[in-house]
Structure formats: structure tokens, C-alpha cells
Protein chains: 2
Amino acid sequence: MRAPGQFLPMVRGAARVLSTVTTPTPVITCSTASRIGGCDAVFKLETMQRTGSFKFRGAYTALSRLLTPDCGTTGCVRHEGSGGLPGGVVCHSSGNHGQAVAAAAELLGVRATVVVPADCPGVKQEAIAGYGAELLLCEPTQQGRNDAVAAVVADTGAVPIPPYNDVDVMSGQGTIALELLEQAGPLDAIVVPTSGGGMIGGIALATKALKRNIRVYAVEPNGKRLAEALAADERVPFPETANALLPTIADAIRTQPIGDVPWPAVKEWVEPTVFTVTDDQIREAMRFAFERIKTVIEPAAATGLAALLDGQILAAESGAVTGRPPRVGIVLCGGNVDLSNGLPWVAS
Amino acid sequence: MRAPGQFLPMVRGAARVLSTVTTPTPVITCSTASRIGGCDAVFKLETMQRTGSFKFRGAYTALSRLLTPDCGTTGCVRHEGSGGLPGGVVCHSSGNHGQAVAAAAELLGVRATVVVPADCPGVKQEAIAGYGAELLLCEPTQQGRNDAVAAVVADTGAVPIPPYNDVDVMSGQGTIALELLEQAGPLDAIVVPTSGGGMIGGIALATKALKRNIRVYAVEPNGKRLAEALAADERVPFPETANALLPTIADAIRTQPIGDVPWPAVKEWVEPTVFTVTDDQIREAMRFAFERIKTVIEPAAATGLAALLDGQILAAESGAVTGRPPRVGIVLCGGNVDLSNGLPWVAS
């Protein structure tokens, strides 16, 4: 999927489906953050999305579409309950996607099994189980996760819900852009934390369909090397690390390569300049968000704020925007951080 | 001031003045909080107001009016800069009001002096000084504060900006109700953390002017005994504690009696049932807000949420609302909590 005009009706369809169970998340400003970063920044609070992260958008959209028979009417959405998915759905996740699938399945009356690695924190297991999903512990490796999902599919006929490598999931995440463009007024750029690419792919396509001249930037944890992949025009230029998780505290965005489904959109529509932040910058940005924006964000959500505070966004935009600060939307993608042991920036 | 119809034009005037420097704070929901509390709850995020608390509304309104000559035109607001207040303004505060006055004065080009007790945490002193106000340390007693303000007034001709006992300040705080009624749709009740009474007085008058059948409830820290004062029809039924600060972690709402300016409105328009919460309930509600609502709130702001989670709001409303959950607006009044030593609910 790389054509914004072809993608837009899918995003509008996702927005209609989501409007039955969500309201637009708030958009806020913080004059101190804008002053430090030299930009006119607006923050999209996906922290306040159902289940505490943007992942609910994609999961609910994908589940709803599985329940929608093709009746031939454009935009028709019909939920048939679990009759349409007798084996339920299954996913693997150690966090946000698992909560999102579990909550979406509960709302739609569908059985859900969420495979979590055995070292998944108890608090996240509880959240997933709290939405009524069945928890299945597996070996804490990528292979262990895939094997466990395959076993559930074979046993029960459950349908897998992928976390990012899926056009339906991308269209759900793309609704962030619809809301942001409606709420924030004119923007020069949008900054999106990036892992497998489902969110930035969906946002880039939706944004370019509506406002071709808004630039979409990825922000990544140190080590992802997306700028090199974009420059080389290769989705997996580092095959030796493609299956390893990035060593970052941003636990929600540890995937190294972009998935093959979002890749064409990322390659074509995301800026070649990629913002890269360190764990220390992430911790400082989290502290800033708690203390100044009064918002609880998880490490992944702190990446865009960190890039702002570090001056990276201003530097990238200063060529295109002159005579005024660039006006930038920054997605604070989730707030699911375990605070039971204190704050990440306070030594325990 | 006790007449809603007389107060409403003042609130509308305050809203016009504030619209030049603020945007409406977000209103959000949390399905888990609503389920636990048995209400359909909406939260007004004054945490995201300029300076991190609702106090900015009253301070900016009061300063603006000091700068507005009476030109005879209804609704005319004219800011003359510091020419209109050559001695500047002064207040005493150990927190939110000081930051609010400092920020309002900076925006309006007025000199501000903020008297703070010598034991005021460094982080709050820095925030006040960060807005360009002059800090003046005093003895950490009520008398020490008053003496210091009086000395500044005598020396410089500065005009004192009271924290709550003032109709202009109340009209600024009343704009919370204008926004909430516009944003939240139909409400059965509004719950307001209460200390000196400026916020609840302003909200009660504005609410009753627009929707007479919406009930306005006060929530207080244990020991304030507002219900007894209302029942006795006495503003200061406990003179022996009237000048002491309440022993609560809710440091922003430690005043025992309602001020004499808001008292008539509180007496006439606030429900006789008052919600009362303990420090333990406040800490638990703070934890809930951080973990589930992804919002940083200070202890004072946790009081309304604590009353919801404790079932007090449902119990009070169950007589008036039947067959559905009561729909309640809860003001999360501020987010200025010092996190440098960790979280209030985590033993250090």
C-alpha cells in the first residue's frame, strides 16, 4: 500500500467504526516545550486512547473488518458478534497490542487469546486478563511467540491479529492523522515514534491524502538506523539484527526493520531525515512530560518530545519554514508505563 | 455575591479576556473510573491549564481588570501595560496562586512580587521566579505572610491579588463551568475541590445561571467540616481552627473556613452533602490517575476522583438520578506535584 488516495477511504471507514466506541483524543500545547524546542508544538494524547495507547485503533479496526461481510455497500459496517469468528482471535504481545486486541475483542464479543512471553511483567498480564482475554505464556523469544500463536491457530481456528504488518491495522492508526489535522489547524510537520511502521505508514498515507505538503518524520530509538535503510532503499539492510530487539528502554518500539506491508508508504512518504534519541534523552523527556505537561507517557511516547527538546525538529524544519517557528504535531503514542517501582528518572 | 444572573456577565467577560491567552482545557472520560464509581464521569483537566492549575484563570482575570479603565462600554477590555499598575502586584502563596500571578503579570507586562514562606520547596520557588516574578521569603506563618505583603504594599504601592476572596478571581474560576457545560454535554452534577471557596463559588454561580438543575458538590480533605458549617449556616463555626492549616497532603486546599466573599454563593448554591476524603484515599486516587487516566494530578485534584472511587458521589446522586448512572463532571484542579523524590504512593 503506497497510494494515499486509495488508502483514504479505508481510513475514513476506520474512523466511522472507531467513532462508535471512542472519542477523539485531546490535542494540547505546552508553551515551555515549544520555547525550548523552537517550534510551535501540539501534542496528540494517544495516552488517553482506550487501553492507554494508539494500538486500540488498529486492533479494533482489524477485528471489526473480520466481522464485516462484504455486502457490496461502500462504507457498510456490520458487526455479527462471535458468530463471525467462532475460533476467536489471537496475537502475541508483551504490552500495548495485547491490551488493545483484548479490549477490542471484549467490546465485539469475540474470544481472544494473547500470547505473552513468560517474563512479561505481572501488571501487564493483569491488564490483558482484565479485558477478558485468555493469557498464554510462552518462551520469551520471537520463535517461542510465533510457535505459540501457530499452535493456537491450529487448535482453535483463531485468526491472528498482527501488530503492524497489516493494511487494516494501518488504516486504524491512520485515524490519528484525521483527528490531528481536524483539531490542530495548519501544520508544517508531524512526528511519529516508529517501530514496525504500522502507525507511521498509516499516518503518512492519511496525511498525504489530505495535505500533501505536510512533512511526516519518524523518530526512533538509537540503533534502529532507519535513515540508512531509507537512503539505501532497502527494507532490511542489516539482516544480522533484523530479528533482535533494539536495546532501548522504549519497550514498545524495539522492532528493528519496518514491516513489508507499511514499507512502501514509509519509503515514499516519510522524510529521509530521521530523529534519533538516546535512553537518557527519553528519560529526560518523560520527566518533562510528567512535570510540565502533566501527562504520563511511556518511553516510546517520549521519543518525539525528546527530539523536540533536543532541537532536532527545528533543525530539520528550518530549511522549509522561515520567519516563524515551525508548527509541528507530535504523537504521544501511549502511557502504559509501570510505576509500581517508582519513576524511571529517580534512582531507587 | 450570591446572584447567578448578576454574576454571569462577569464570567463571560472573564472568558473573553482569557480566550486571548488560553484555550479550553481538555475534558476526558475513563471507563474504569466510571465503572468503579458507578457514575458516568467526565474529568476537566485543569492540570493542563497554564501554570499547571486553575489558579491562572482567576489571577489573569483579576490582573486584567485592574488594568481596565471603566470606559462605560459593556465588555470592553483594554490592557494598558504596566502604566496602569506602576507599583505592580503582590500576593502570598506557597504554590499555585503564586505561579498564576507571576505568569499573568509576565503576560500583561506588570511587575509582580510573590511572598513565599521560607520553607517553600525550591522547585516551586524556581517555577515562580521562572515567570519573572520577584520572590520574597517570609516567616512560614500566616502572620509572616500578611506582614510581608503589607510591607510590599507600603513600600511600592503594589496591589494585592487575593487567592480566593475576590469577585474578579471568582469570575475567572467560574469560566471552568462555562467550558465544562459546553464540552461535556448534559450533566447531573459537578464536583469541585474546595478550600477558600473561590473556585466552587465561581463554578456554582456560573452553573446555576446556565443550568439551575445541575447540582454542585464540594469535596474536602478530612477535617475541614464544611458540611457542619453549611448546616449551621455559619461561615466560621470553629474559630479555634480558622487560622490553622488543615493537616492534609492536599497542600493546595488547606484553608479551613470559606472566605466571606464566596460564602454567600457557597451557602446558597452548593449541596449540603459534602464529600470528605482521607490522605490514604487521596494517595490511592493519585495512583489511579497516573496509572489509568495517564494524568499527573496533585493531591488536591485527587479529592474528587477519590470521592468517585469511594462511591460517595453515586450515593449522593442516587436519590435524584434513577435508572441510569449519574453523569458527573469532576474538576481535576491542578498537577503541580513535586516528583523529584518519587511518587507519593511508593515508599522511598
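Just wondering, is there one or more residues in segment A:175-184 that are at pLDDT below 95 and in a helix (DSSP H, G or I)? Scanning segment A:175-184 turns up no residue that is at pLDDT below 95 and in a helix (DSSP H, G or I). I'd like the full set of residues that are of a type in the set (Asp, Glu), open to solvent by less than 10 Å² (accessible area, probe 1.4 Å) and not in a loop (DSSP other than H, G, I, E, B), limited to segment A:287-345. Answer for segment A:287-345, where residues must be of a type in the set (Asp, Glu), open to solvent by less than 10 Å² (accessible area, probe 1.4 Å) and not in a loop (DSSP other than H, G, I, E, B): just A:317. Pairing each residue of segment B:143-156 that is under 10 Å from residue B:113 (Cβ atoms) with any residue that is open to solvent by less than 40 Å² (accessible area, probe 1.4 Å) and of a type in the set (Ser, Thr, Tyr), provided the two are 6+ apart or on different chains, yields C-beta distances under 8 Å for B:152/B:113; B:156/B:113. Is it true that some residue in segment B:338-348 is under 28 Å from residue B:97 (Cα atoms) and more than 14 Å from chain A (Cβ to nearest Cβ)? Scanning segment B:338-348 turns up no residue that is under 28 Å from residue B:97 (Cα atoms) and more than 14 Å from chain A (Cβ to nearest Cβ).
Residues that are over 24 Å from residue B:54 (Cβ atoms) and either among the aromatic types (Phe, Trp, Tyr) or outside any loop (DSSP other than H, G, I, E, B) (or both) within segment B:234-269 comprise B:238, B:239, B:240, B:241, listed in sequence order. Annotation note: of A:197, A:172, A:122, A:201, the sole residue that is of a type outside the set (Phe, Trp, Tyr) and open to solvent by 10 Å² or more (accessible area, probe 1.4 Å) is A:122. The set of residues from segment A:108-165 being among the hydrophobic types (A, V, I, L, M, F, W, C) and assigned to a helix (DSSP H, G or I) comprises A:108, A:123, A:127, A:128, A:129, A:148, A:149, A:150, A:151, A:152, A:153, A:154.
Looking only at residues of segment B:8-67 that are assigned to a strand (DSSP E or B) and among the polar types (S, T, N, Q), we find that the one that is nearest to the other protein chains (Cβ to nearest Cβ) is B:29. Could you list, in sequence order, all residues of segment A:89-119 that are surrounded by fewer than 24 Cβ atoms within 10 Å (Cβ to Cβ) and touching a Gly at 6+ places or on another chain (Cβ under 8 Å)? Across segment A:89-119, the qualifying residues are A:106, A:108, A:109, A:111, A:117. Does segment A:276-285 contain at least one residue that is without any contact (Cβ under 8 Å) to a residue 12 or more places away in the chain, more than 14 Å from every other protein chain (Cβ to nearest Cβ), under 22 Å from residue B:340 (Cβ atoms) and not hydrophobic (A, V, I, L, M, F, W, C)? Scanning segment A:276-285, I find at least one residue that is without any contact (Cβ under 8 Å) to a residue 12 or more places away in the chain, more than 14 Å from every other protein chain (Cβ to nearest Cβ), under 22 Å from residue B:340 (Cβ atoms) and not hydrophobic (A, V, I, L, M, F, W, C), so the answer is yes. The single condition among (1) within 14 Å of chain A (Cβ to nearest Cβ); (2) in contact (Cβ under 8 Å) with a residue 24 or more places away in the chain; (3) not charged (D, E, K, R) that residue B:304 does not satisfy is (1).
The values are calculated or read from the model by the stated rules, or taken from the named source; none is laboratory data. What you see is a predicted model; the values in this text were computed from it and never measured. We place every Cβ from the backbone using ideal geometry, glycine too, and count neighbours over all the protein chains shown. Side chains are part of the model used for accessible areas, which takes the heavy atoms of the whole protein and leaves out ligands, DNA and RNA. Shrake-Rupley method; radii C 1.70, N 1.55, O 1.52, S 1.80 Å.
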